[in-house]
Each structure stands twice: as C-alpha cells, then as structure tokens.
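Everything on this sheet refers to the single structure shown next.
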Amino acid sequence: MIQGARSRPFWLEVVNSGGGLLRRARVLSLTIDAAALKAAARRAVRLEDFGPDDFEQPLDLLARSCESEARLNFIGRCLMRSYLTRLLEHRLLLERDRRRHPEIAEQQIRAPIFISGLPRTGSTLLFELMGRNPALRAPRTWEVMFPSPPPRRENFDRDPRLPATRRQLNWLDRMAPEFQRIHAVGPARPQECIAITAHAFRSIEFYTMCNVATYQAWLNTADLGPAYECHYRLLQHFQAFGPRGRWVLKAPAHVFNLEALFRRYPDAQVVHLHRDPVEVLGSLLSLGAHLRGVFSDQVDRERLGETWCGLWAMGLKRMWDFRRQHPELRDRFHDVLYRDLVRDPLAAVEALHRRLDAPFSAAARERVAAHLAANPKGKHGVHRYRLEDYGLTPDLVRRQFAGLGFPPGTASETASAGA
C-alpha cells in the first residue's frame, strides 16, 4: 500500500487532517447519500424535474460505492459531494431550459467525429488541434462545467462563465500541482465526453477519480444507451444558440460500448488512435495515481496497475470486436498512429481531415500551427513515470494486450514502442 500521490501540498495534508478530526468527532457528517444529494440540488436551484429517471440506479450505486470503498479523505469527500450535487443541479437546469426553449429539442447532430482508442495515445493533442478548426465544433470545458443557460454564439469567447471556470480549475492546480504536466486543462480547451456522460451518472470519470470499484463493475456491463442519450441532449443544448460546426468529440471510454454510440449516432465517424500499450499504461497509471491522490490518502499503486491494465485491455478488445463484427462500418473508422501524430502533428491533422471529408482551410491550418507553436511538448514540465511503480512489467502488459495490436498494414506495436 502506498499512501496518496507522489507529492501533495502541505496545506492539503493539514486540511485533510483537521477535517478528519471533525468527522470523527461527529461535528461534520458529509455523508454521500443519493436522496440527500437530490434534495440539496432541488433546494439550490428551486426546481423539481431531473428529466429521465434512468440516472437513479447509477447515482444510488455510485453514492454507496463512495461511502463503502472509496476511502475518501476530507477534501475528497467535500469534492465528491459538491460535484455530484452540481451534476444534479445541471440536470434540473437543463430540463428547465428545454421547456423554455423548444428549439433545443429540434437540433440535429449530424456526422459527429469521435476520437477514441486507449488513453494516453495522443487523443488530447488531436482533439485540441481539430478543435482549432473553425469548421468544427468541440464542447468547451466552461460550457460543460456551467451548461445553463445555453451558450450564445455572440459572446461565446467572452462568456462570464470563463473566469468562473478558471477559478475552479485553479484549485486543481493547487491540490495536484503536477497534474498539468500530465494532462493540460483550461476553461476554453475542448472537454471530453466522460464529463458530459457524467450527467447520466454512467461514466468512467468517477472511477478515474476514486476507487468506486463496485460502481465500475456495474458500469462495465450496464446499458450505456442512457449515457449517449444524455450526451446527445447536451450537444443539442450547446448547439441551439451557440457556435455551429460539425461536432468533434473525444473520450477513450468510447471503446467500451461502440454499439450504444452508433445506436444514438448512426452516422458517426470514429478516429482510432494507436500506441504501444506499455507506454500507454505507464502514463495512464501516473495520471490516475495523481488524481486519486487528491480524493484519497490510500492509493494502492499495485492494485491500480492490476485493475486498470485489465480494464483497458477489455475496452480495447470490445472496440476491435465491434469493428470485426460490423464490416459495413469499415469506412467509418480512421486509424492514426501516435508516432505519426507526434512526429508531424500538422501533417497528420491535415491528412485526417481529408479522410473525414472535413474542410481544412488556410485559416484552420494557421490556427493549428499557432497552437502547436504556443504549446510545445513539455511546456508544463516533463511527465516522468515508471511502469514498475504499479507492479507491472512490459512483458506482463504485452501479454494482457496480446492480439489487440495495430490494424494490419499500418504498423506493429514493436515499431511504435517508445514513441
């Protein structure tokens, strides 16, 4: 057992220690209970309608999992209660907005582009670059964090929710100062889909933040149809009065249930990123340990390595199985190698646009190039990690991912190792 993340600010330790004393003395409760969370959300926004009730079971299971096994510290407990309550408030506000603005429900989401594959395969870089194209539309962090009222195109880049989002993200910097070098965040940056499907309480985001193993075991076999329905409704919400463009979206977690994705988005295009799983797992586990270290003082790194290696091998297998079982969708999948993306990002993005039949104007090219120049690799520091810190070896990882390699005729895992 290794306690916490590699490094945490001293003030965080002090707050957790003091808050723990108050809880043990029964001065503070901070119990995470589904009924209490819903009541708090209703009081906060003075609304009653949460929309479709398919969120009830996962919310209850998630709350019980937080209480019984997540081993949340004081800060983690406060953060999780606040986040779950805020998601419920969003559901109430979104239902109100749909009643006020019938145009939202009339929005059509056509031919969206989903970036997926294993985590840490360059998906965030690709998402950032494609999101710079004025012809494409990516959900922004601020609008996902504060979705109501619907964003407006006339003040989209000046919305007052931008500084509010920055203030909240600043707390992440304070609590996990090394996180930015692993995964950059910002109010105007594109936001990935797990933060959207969290509103359905069917998202791997919760398991990434803390050890809610029972909840995640349920999610692994659950119908994710309601998650993608919620996802669609939020895109309608963002599109109704906000900037227009073909949607570009991203989440590694889409590998787990492409059937549900294509059920809701039958004309979707999927960009499948590839990288050596040995490189993926080391980077991913480092990210997970740092994030979980904010929420809990007890992060078992070897257990993290074992469970996450198996989980993502299962996800990648599901993705390949879906692709093999649906040859009619062959032209909807577009394979991109991590090493090609990082070697020449601009060329890789331009080539991908051609394959997706998406416009890539001179203005788009200039914006992508400007972003690359302003954000060189390692801008926030070098991300260092060791696979053995998590009880894994390269051979063990390769055995776990055997048969889940790169598409025929493109490359091999060995060729990309160390990219």
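The values are calculated or read from the model by the stated rules, or taken from the named source; none is laboratory data. Since this is a predicted model, take the numbers as computed values, not measurements. Cβ coordinates were reconstructed from backbone atoms using ideal geometry, including for glycine residues, and neighbour counts include every protein chain displayed.
Before moving on, here are some points about what is shown:
- Within the range 354-374, restricting attention to residues that are touching a helix residue (DSSP H, G or I) at 6+ places or on another chain (Cβ under 8 Å) and not hydrophobic (A, V, I, L, M, F, W, C), the residue that is surrounded by the fewest Cβ atoms within 10 Å (Cβ to Cβ) is PRO359.
- Members of the range 119-140 that are polar (S, T, N, Q) and farther than 14 Å from ALA251 by Cα: ASN133
- Of the helices (runs of 4 or more DSSP H) lying entirely inside the range 214-319, those carrying at least 3 residues that are closer than 30 Å to PHE50 by Cα and over 18 Å from the mean Cα position of the chain (by Cα) are 225-241, 258-264.
- Check on ARG110, free of Cβ contacts under 8 Å to residues at least 12 places away in the same chain and surrounded by fewer than 20 Cβ atoms within 10 Å (Cβ to Cβ): no
- In the range 186-208, the residues that are aliphatic (A, V, I, L, M) and modelled with pLDDT under 95: ALA188
- Subset of the range 352-394 [modelled with pLDDT of 90 or more, part of a loop (DSSP other than H, G, I, E, B) and among the aliphatic types (A, V, I, L, M)]: ALA358, LEU392
- Screening PHE127 against (1) within 23 Å of TRP312 (Cβ to Cβ); (2) touching a Ser or Thr at 6+ places or on another chain (Cβ under 8 Å); (3) modelled with pLDDT of 95 or more leaves a single unmet condition, (2).
- Filtered residues of the range 9-45 (kept if modelled with pLDDT under 95, surrounded by 15 or more Cβ atoms within 10 Å (Cβ to Cβ) and outside any helix (DSSP H, G or I)): LEU28
- Among the residues making up the range 85-105, none is in contact (Cβ under 8 Å) with a residue 40 or more places away in the chain and more than 16 Å from PRO147 (Cβ to Cβ).
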